[in-house]
Structures are given as structure tokens and as C-alpha cells.
């Protein structure tokens, strides 16, 4: 699986990325967890929306940190902020502190976004080992999937030892069992950070860049990209669909945890259920290539979106917990099948000279959709419940389906 020279150069990167995914367990329960701490779904939704907004507001400033002080420093700061979030999460009592911590988490993500991969790519180029770059991407996805699989197992184990609803006294402070999930996450990420600091290498030369010049550059290329999209109907339609995907994905991502509670599952079940979903997430992408041999990409995408819409509508009729769980897994993981088809389909519509700019704008549009969706989903879950909230998101699929029938090859 690993080439000898590849392992010699990259084992610290592989190890800390693997550990990071294993211990990313807090997000598997955080919607329900913060509600159990006394917050409403509306408040949690506002917090998550602010997290998403922070990720693109701080993208340029944190990118400047990577340019000035190095990518290793940038990634390390991101990890430190993630550890701080995990340590403080069990002590949150006010809405203001919740907002501040979600903002901090968004900033942590921006310190790491792009820096990890760019660091490895530059390191391999400096070592004259560019041939290992494709191997790195394959191993990265495989290790991430394996880590997520094990994260579910770890979460189940923790909540079997520390009952989520039981109280425990430690250092004269009362904790719920679910609080210990965050402490384990902090410990695991601290170990990953230790690997990062002690064993990874970076060939870094300081770049003299001014943040305001970077911001001006971003605005300049964003205007060019927006102008190009506006004058090309297919891309404009695709970008509208990206915004709608962000809305759909954000609503489902927010509401699925309370939906599982409505179906009768407990927090300790969230771990093994996530592991089960991860298995499908690993296997489904391999079905995309055989499907493309038999059918055109646009036809597969149309069918997938119609199927997704039907499955989302059917959530209203689900009674049993097992059927509900399988349906939620299908809704989540159908994206693992469509992504390897949808992304190349979109890329074919973008000229190479505009590819980087428009791809960045695509990510921004998805983020905007996600930020808006959590603001909407929180109050909807509070008032109507998770099931009806997910059901309502099916109607957002209708314009997506119309768009992909409008697009010609």
C-alpha cells in the first residue's frame, strides 16, 4: 500500500491526519449535545451559521499567516484553537460564549484549510518526489474514511463507559457523560499536534505579502469570475444549483441528529451509526465509474437528484427506527456517489484560465447556502420538529432538478 520512500517522507503527515479524523467525535453529536446543555435549536443554528461565515471572512487573513510564518505554524494554530474549543465546550452556559466558540472554530478551520495539502505538495516538490503527489491524495482520502469509521466506534465506546445522561463529579464540577466526548477529542487532537510539531518538516521561505493587497486581489478575481458566470447561462444555472445544494445539505446536516433522537435512538448509538454510514461512503464512489460507462453524466445526475428528492419526501412516512436510519444514511451518502460525477461535469464547463477563481467561488456559494440553511433549520426544528424540517428541504430539490433538465450537454 505504501512505497518505502513515500512512507519515509510522509508518515508523520499520514499519522496526524489519521489521528485527527479518529478523534473528530464531537461533531457527531454536537447539535443534540448543545441542546441538552440548555440551548435551543435556533441558538445552535445561529452558532453553526456564524462558524460557516467565519470560515470565509477569515480565509484571506489566515492565509497571510501561512505565507508570512509558514504552513506548519498556520496548521498548528488551527489545531490549538480546535483543542481549546473541545476543552471549553463542556463549560458553555451562555449564548454569547457559544457564539464566540463557534467563531473560534471557524477561524481554526481557515488556519488549516488548504495549508495542510499545500504544505505536503511543496514539501514533496522540494524533495524532488512529485510522483508521490497522486499517492498522497489517494491515501489522504482512504485514511480520512478509515479514521471516520473508527471515530464512530470510539464515540460508541466512550458513551458506553460514560452514560450520556448520567452526571459525574470531577474536580468539584458536575459533568454529563457526553461532556467526556470533548475531553477525549481534545486529548486525541493534542497527540496529533505533538506528531505535527515533532516529526513533520517544512521547507519554508518567508513571503512578503500585505493582507490588503491580497484582499484587493481576491476582490479583483472574484469580480472577473462573477462577470464570467453572469454571461454564461450554463455556469449561472450550475451556481444557482450550488447555492441550493448548500441549503439542502445544511438543513440535512443540522436536522439529522435530532431526527435520530425522534426515531428513538440515544447519543451512544450515534457512533456505530456513523461508522455504518462511513462504510457506504467508502464504497459508493467506486460505483460512479461503472455508471459513467453505461450512461451520460447528465442523465445520472438527473436521476440522482430525482431519487434524492423522493427519498427526502418519504421521510414523513417513516415510522420504524431502522427504516428511518437507513433512509438518513441513503440521503447522506448518495452524495458520495454523485460527487465524482458532478464535480468533473462542472469543471468541464469552466475554462482553464478561470478555473481557480470560479472553483473558489463555488466553495463560497456552497458556504453561503450552508450558513443560511442553519439559520433556517434551527427555528424550524424548534417549532415543527426535525422530520418536517427535512421533509420541507425536499422542495428545494425541485428547482435543482429543473436546472439539470434545462442544461444541455
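The values are calculated or read from the model by the stated rules, or taken from the named source; none is laboratory data. Keep in mind it's a predicted model, so treat the numbers as computed, not measured. Reconstructed Cβ throughout: ideal geometry from the backbone, glycine too, with neighbour counts over all protein chains shown.
Results, tabulated for the structure shown:
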read-out: Hey, residue 183 within 30 Å of residue 117 (Cα to Cα), touching a strand residue (DSSP E or B) at 6+ places or on another chain (Cβ under 9 Å) and in a helix (DSSP H, G or I) or not; value: yes
read-out: Conditions (1) modelled with pLDDT of 95 or more; (2) surrounded by fewer than 22 Cβ atoms within 10 Å (Cβ to Cβ): number failed by residue 38; value: (1)
read-out: Failed condition for residue 20, given (1) over 30 Å from residue 132 (Cα atoms); (2) in contact (Cβ under 8 Å) with a residue 60 or more places away in the chain; (3) within 21 Å of the chain's Cα centre (by Cα); value: (1)
read-out: Pick from the range 347-369, criterion buried (at least 17 other Cβ atoms within 10 Å of the Cβ) and over 23 Å from residue 52 (Cα atoms), ranking: modelled with the lowest pLDDT; value: 354
read-out: Helices (runs of 4 or more DSSP H) completely within the range 90-167 that count 1 or more residues being within 25 Å of residue 42 (Cα to Cα) and modelled with pLDDT of 80 or more; value: 95-112
read-out: Selection within the range 306-317 - touching a residue at least 60 places away in the same chain (Cβ under 8 Å) and under 14 Å from residue 259 (Cβ atoms); value: 312, 315, 316
